[in-house]
1. Expected output is a single nm value to one decimal: the length gained when fully extending between GLN71 and THR141, i.e. 0.36 nm times separation in residues minus the C-alpha distance. What is it?
2. Sorted by packing (mean other beta-carbon atoms within 10 Å per residue), highest first, where do 87-97, 51-61, 123-133 land?
Amino acid sequence: MKSSILLFALVAAAGALAAAPPDCGAQTSGSGARPAALPASGASQTAQEATLIQAALNHFDSALALHDFGQLQALGIRPASAKGWQKFFRNNPRATVTDDCPASTLAILGDTATWSCTETATLISEGKPLPYSLAVRFTFTRQNGVWTISDRR
């Protein structure tokens, strides 16, 4: 996964985090609205929040890599979705899943954030890797200072 923490700080210091996320991960233009420029203290806070959201996503990817479905649920993934991942890895034990999330698609508004990403699942078929990518949108919720994944589409 490409980590863009430095880019977060640069973007936030410049005064804006860009991009309203597209609806349900579809490739749409959205409303075109962008957050207003933030004062310096707000930009610093946003950069800190972006770092915490990146950490939540990293934990999600680590749980997938370890096939740790209990950890997925602890991160906020619903039980039905965790069971779906469990079935996926049971049927594809050598599969890998990664998320590439550009800093420009992270939108933070109060205690909610969305991040549009490209998720790539690589299956092994007859000894050959078969990558498959799709657009996903993560929704994060902050409770008691902790960011968790509240939705993934």
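Just so you know, all these numbers are worked out from the coordinates, no wet-lab data involved. This structure is a prediction, so every number in the text was calculated from the model and none was measured. Heads up, the Cβs are rebuilt from the backbone with ideal geometry, glycines too, and the neighbour counts pull from every protein chain shown.
1. Numbers: separation 70, 0.36 × 70 = 25.20 nm, distance 1.70 nm.
Roughly 23.5 nm would be gained on extension.
2. On the way: 87-97: 13.3, 51-61: 17.5, 123-133: 10.1.
In descending order of packing, they fall as 51-61, 87-97, 123-133.
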